[in-house]
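The values are calculated or read from the model by the stated rules, or taken from the named source; none is laboratory data. Everything numeric here is computed off the predicted structure, so don't read it as measured data. Cβ: placed from backbone, ideal geometry, glycine included. Neighbour counts: every protein chain shown. The area values use the complete protein model at the heavy-atom level, side chains included, leaving out ligands, DNA and RNA. Shrake-Rupley method; radii C 1.70, N 1.55, O 1.52, S 1.80 Å.
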Amino acid sequence: LWARSLLARLPRTPPAAARSGPVGPCGSRAYAPPGERKRFYQNVSISQGEGGFEINLDHRKLKTPQAKLFTVPSEALAIAVATEWDSQKDTIKFYTMHLTTLCNTALDNPTQRNKTQLIRAAVKFLETDTICYRVEEPPALAELQKNEWDPLVAWAEKRYDVTIGSSTSILGPNIPASTKETFISHLASYNMWALQGIEFVITQLKSLILSMGLIDRHITVEKAVLLSRLEEEYQIQRWGNVEWAHDYDLCELRARTAAGTLFVHLCSESSTVKHKLLQD
Amino acid sequence: MAALGAPLRTLRALLRELRHAAGRPYRDSPAYRHVLAAFRAHRVTSEKLCRAQHELHFQAATYLCLLRSARQHAALHREYHGRGERSPEEVAGLVGFRLPQQPGGKG
């Protein structure tokens, strides 16, 4: 959806080579599937404006789907977004440009949620957190869940001084109100941009605890995705792997989770390098 | 603490991914220069458990994961989902079958 709106917003001054239909009769034209667009710019660069860092595609400034000027607060984030745009070859594959999409969401806030609503949505996930929701059958999977997920729950309980637990009931674990309060006030310490990222990661991984594990740098993205997909991995081990489905989903989830995590960290730190006292 | 491995390994892999991502002059690309500058800046430290070092390494590993899996996902998409309709022969081939050949065409 964002891809199509973004296309509508960019100024329509097609360079000579860019004009083409999606299916050309001659073999020399590459097939550009619907939802993609040919790369229409040569150079991608960054500049610093009043509101932050901006992305330039040739001489044009990048805009959001809602036609706002695309500005980001962090230079490192701007560089990463510029790299996304620069790495597009013949066609622009919007579905691979996760950082751009996250920035657009932060700038446009299309779901019109304020900070409180975002936090509430994030913490609500705890009630159906993947790693708290256990099976009893088959025993091998139940054992795997216990061995892989219990340490994460224990880590979160210790780190945040809360009670979470796990459950095999269909209703899920019973999360005490005090636990929710703790997470609500912890998340309140993040700014709006970072919160968009956090909520994104939670919806991708279907787990608040795994997301906090990532945000707190306790586990890597690969590990978090593995733990999120534990049952899938178990079934794959049993029944075999189907590349065009399993690997496809795995890579997509990894890319999105990595983008979300990086986005959160880049939006919640100061980018100045702290020099040691020894250096002048 | 996240199991990250050697920072040098992450850096090398990350630079390799950036080489794929950027165009021809990859060494001058902003991302390449930024990553190298960040690693160099954090090299000068005497503490073993320097928190900033770990944060940088985690960020680099995360970015590496992003670039790598985005590239793999795009390749899989191109391979399996980007080619429009397949012929019956191709579809059969996907699950390991071959269409029967009958002399004189199908009955």
Taking Cα atoms, the helix B:7-21 axis meets the longest principal axis of chain B at an angle in degrees (rounded to 10) of 50 degrees
Which peptide among A:154-161, B:91-98, A:60-67 comes first, and what is the full order, when sorted by highest mean count of other Cβ atoms within 10 Å? A:60-67, A:154-161, B:91-98
Angle in degrees between helix B:51-76 and the longest Cα principal axis of chain B, rounded to the nearest 10: 10 degrees
Threshold 40 Å², probe 1.4 Å: give the residues of the range B:60-74, in number order, that are less accessible with all protein chains present than with their chain alone. B:Thr62, B:Tyr63, B:Cys65, B:Leu66, B:Ser69, B:His73
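For the range A:166-280, just say rounded, prolate or oblate: build the C-alpha gyration tensor, square-root its eigenvalues into a ≥ b ≥ c, call rounded for a/c under 1.5, and beyond that prolate if a/b exceeds b/c, oblate if not.
On the way: a/c = 2.52, a/b = 1.38, b/c = 1.83.
Verdict is oblate for the range A:166-280.
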Largest-first principal axis extents of the Cα set of chain B (Å): 80, 34, 16
The Cα extents of the range B:7-69 along the principal axes, largest first and rounded to whole Å, are 38, 24, 15
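Can you check how the C-alpha radius of gyration of the range A:44-108 compares to 2.2 N^0.38 Å, as a plain ratio? Intermediate values should be presented prior to the final figure.
Numbers: Rg = 10.8 Å, N = 65, 2.2 N^0.38 = 10.7 Å.
Rounded to two decimals, the normalised Rg is 1.01.
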For the range B:7-69, what does the accessible surface come to per residue with a 1.4 Å probe? Please give it in Å². 61 Å²
Return the carbon/sulfur percentage of the accessible area of the protein assembly as shown, one whole number, probe 1.4 Å, all protein chains in place. 53 percent
Exceeding the 25 Å Cα-Cα cut-off - candidates A:Lys115/A:Lys206; A:Lys38/A:Lys223; A:Lys158/A:Lys223; A:Lys68/A:Lys180: A:Lys38/A:Lys223; A:Lys68/A:Lys180
Accessible area per residue for the range A:119-201 in Å², computed with a 1.4 Å probe and the full protein assembly in place, what is it? 50 Å²
For the range A:34-58 versus the range A:154-204, the gap between their alpha-carbon centres in whole angstrom: 37 Å
The range A:44-108 accessible area per residue, 1.4 Å probe, protein heavy atoms, integer Å², reads 36 Å²
Computed for B with A: buried accessible area summed over both chains, 1.4 Å probe, rounded to 100 Å², at 3200 Å²
Under unit Cβ charges (Lys, Arg +1; Asp, Glu -1), what dipole magnitude, rounded to 20 debye, does the protein assembly as shown have relative to its Cα centre? 1440 debye
Using alpha-carbon coordinates, inclination of helix B:30-41 to the longest axis of chain B, degrees: 40 degrees
Tell me, what ³J(HN,Hα) does each residue in the range A:85-95 have, in order and in whole Hz, if you take phi through Karplus 6.51 cos²θ - 1.76 cosθ + 1.60 with θ = phi - 60° and put x for Gly and Pro? 5, 6, 8, 6, 8, 6, 10, 8, 9, 4, 6
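How do A:244-253, A:132-141, A:72-81, A:201-210 rank on mean C-beta neighbours within 10 Å, highest first?
Values: A:244-253: 17.6, A:132-141: 13.9, A:72-81: 22.1, A:201-210: 24.0.
Descending packing order for the listed peptides: A:201-210, A:72-81, A:244-253, A:132-141.
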The protein assembly as shown - Rg over Rh from alpha carbon coordinates, Kirkwood radius: 1.00
